[in-house]
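Undergrad: Starting off with a structure, shown below.
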Amino acid sequence: MSLFSAALLFATSLAPFAQESSAPASIGDPSAQIESRAALRQRIDEVLQAALQEDGAVGFSVGLAMGGELIHEAGYGLAELEHEVPVQPWSMFRIGSITKQYTGAAICRLADQGKLYFDDPLKLYVPEFDTQGREITLRHLLTHTSGIFNYTNLGPKWEDHMARDLSHGELLALLKDVPLDFEPGRAYRYSNTGYFLLGMVIEKVSGQSYADFVQKEFFEPLGLSHTRYGSNSDLIPMRAQGYAYRGQGRFANDDLLSMQQPYAAGSLIATAGDLVRWSLALMGGQVLKPESFEEMTLPFLLENGDESPYGFGLNLQPQAGRTCFSHGGGINGFNSIMYYFPESKLCLAVISNSEGYSADEVAQRLLKLLLP
């Protein structure tokens, strides 16, 4: 079973529910060959309607900015199969590991406030975690170069407890006697455990829960009214249901997962429109000081001289031959992707509420329209 990476006998598609804008496309727009934004939206709608007819699709949330301006946010398909509830632009989906981008920014915000440094040792903030005699820094955790084993790869040892509300200590106890994958700084290997520990650092330094910190520091000031920490017990208006796919048109509700477990590595929920708003604010200098944002977008230099493909909660690999900051997410019932191209200030976010259909499949089709 995979957590973050990313029974009804029918699938239904509905017409899209999109917020419209009549502003014309600007000169230099990456989709200048398309006559207007209205025509672009129609092309996007056609791509999404085609995707909804394919095997495993349920619903999608889509957000798009061009030239640094949000021009399209929409819902397609169904947010809830049982009652045939359509996805709205404000329907909130689990975003999985895209959460790491907010966690990385939270560490940078605390650095901006002079409350920590990126090269501080983890032991300074989480002394109870066994680093097995190695000095593991916050930078190692942020860039997935710590060597700490990924707890979601523990197999049944973790999966048997997946639905339980484990304390931080109880979850980390699952890693007792599990050796490091490699010496810190020697290699890159994706680890949810590292970002789980960063959440504990944020709580220790700020004196707030992780959920309260990102809510007060980011979501409220930036007007991200459809982004929040997930919960299995809270009543959350406009929350979409996630689905597992059994094949041949058969769906099931996603397996239960306590939101205390993905934590700072994957527990946020949002709309695709809010993902784009966040990305525009982060990349536009509204969230961090320039020097912290620069740190966030730098690769880690490994011991052998190679550069890692990851910054602080950001994948740094090019897309379509262009510089790109991105991240994907996979979590029970959902998968997501977000791309930001700094040269054109183009940002695209897509979220799927079906494990049987990849959000990135839709995103790649849309990028062919936007970046010919």
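Each value in this text was obtained by applying a stated rule to the coordinates, not by laboratory testing. Being a predicted model, the structure only gives us computed values, none of them experimental. Because the Cβ atoms are built from the backbone with ideal geometry, glycine has one as well, and the counts that use them run over all protein chains shown.
Undergrad: Please name which of Leu314, Trp278, Ser358 has its Cα lying farthest along the dipole of the chain towards the positive end, using unit charges on Cβ (Lys, Arg +1; Asp, Glu -1) and the Cα centre as origin.
TA: Trp278
Undergrad: Quick one: if the Förster radius is 45 Å, what FRET efficiency do Lys204 and Asn253 give, using the C-beta to C-beta distance and rounding to 0.05?
TA: The computed FRET efficiency comes out at 0.80.
Undergrad: What does DSSP give for the chain in terms of the percent of beta bridges that are antiparallel, rounded to the nearest 5?
TA: Working: 47 of 49 bridges.
Here the antiparallel bridges make up roughly 95 percent for the chain.
Undergrad: Using label points projected 7 Å from each Cα along Cα→Cβ, tell me how many nm separate Arg186 and Ala173, to one decimal.
TA: Here the modelled spin labels are 3.0 nm apart.
Undergrad: Using only helices, what value at 222 nm comes out for the chain when you add -39,500 (n - 2.57) per DSSP H run of length 4 or more and divide by the total residues, to the nearest 500 deg cm²/dmol?
TA: Values: 10 runs with 96 residues, N = 372.
Rounded to the nearest 500, it is -7500 deg cm²/dmol.
Undergrad: Under 18 Å between alpha carbons, and skipping anything fewer than 8 positions from Lys157 in its own chain: which lysines qualify?
TA: In chain and number order, the partners are Lys176.
Undergrad: For the chain, place one equal point scatterer on every Cα, skip the solvent, and apply the Debye formula. What is log10 of I(q)/I(0) at q = 0.06, 0.10 Å⁻¹?
TA: So the normalised log intensities are -0.21, -0.61.
Undergrad: Given R₀ = 30 Å, what would the calculated FRET efficiency be for Leu302 paired with Asp120, taking r from the Cβ atoms and rounding to 0.05?
TA: Between Leu302 and Asp120 the formula returns 0.90.
Undergrad: Something else: When the chain is fully extended, how far beyond the present Cα-Cα distance does Glu291 get from Gln53, taking 0.36 nm per residue of separation?
TA: 81.1 nm
Undergrad: In percent, what relative contact order does segment 17-370 have, based on Cα pairs under 8 Å that are 6 or more apart in sequence?
TA: For segment 17-370, the relative contact order is 26 percent.
Undergrad: Now, a different point. Explain nothing, just the number: relative contact order of segment 319-369, from Cα pairs under 8 Å at least 6 residues apart, as a whole percent.
TA: 28 percent
Undergrad: Please sort 174-187, 78-91 by packing, taking for each peptide the average over its residues of neighbouring beta carbons within 10 angstrom, highest first.
TA: Listed from highest to lowest mean packing, they are 78-91, 174-187.
Undergrad: Please report the spacing between the Cα centers of segment 102-137 and segment 318-363 in Å, no decimals.
TA: Answer, in whole Å: 28.
Undergrad: By a straight-distance test (C-alpha under 24 Å), which lysines pair with Lys345 as possible cross-link partners, with residues fewer than eight away in the same chain excluded?
TA: The reachable lysines, counting only those whose Cα sits under 24 Å from Lys345, are Lys100, Lys289, Lys368.
Undergrad: For Gln113 and Gln364 in one chain, what is 0.36 nm times their gap in residues minus the Cα-Cα distance, to one decimal in nm?
TA: Taking 0.36 nm per residue and subtracting the Cα distance, the gain is 86.5 nm.
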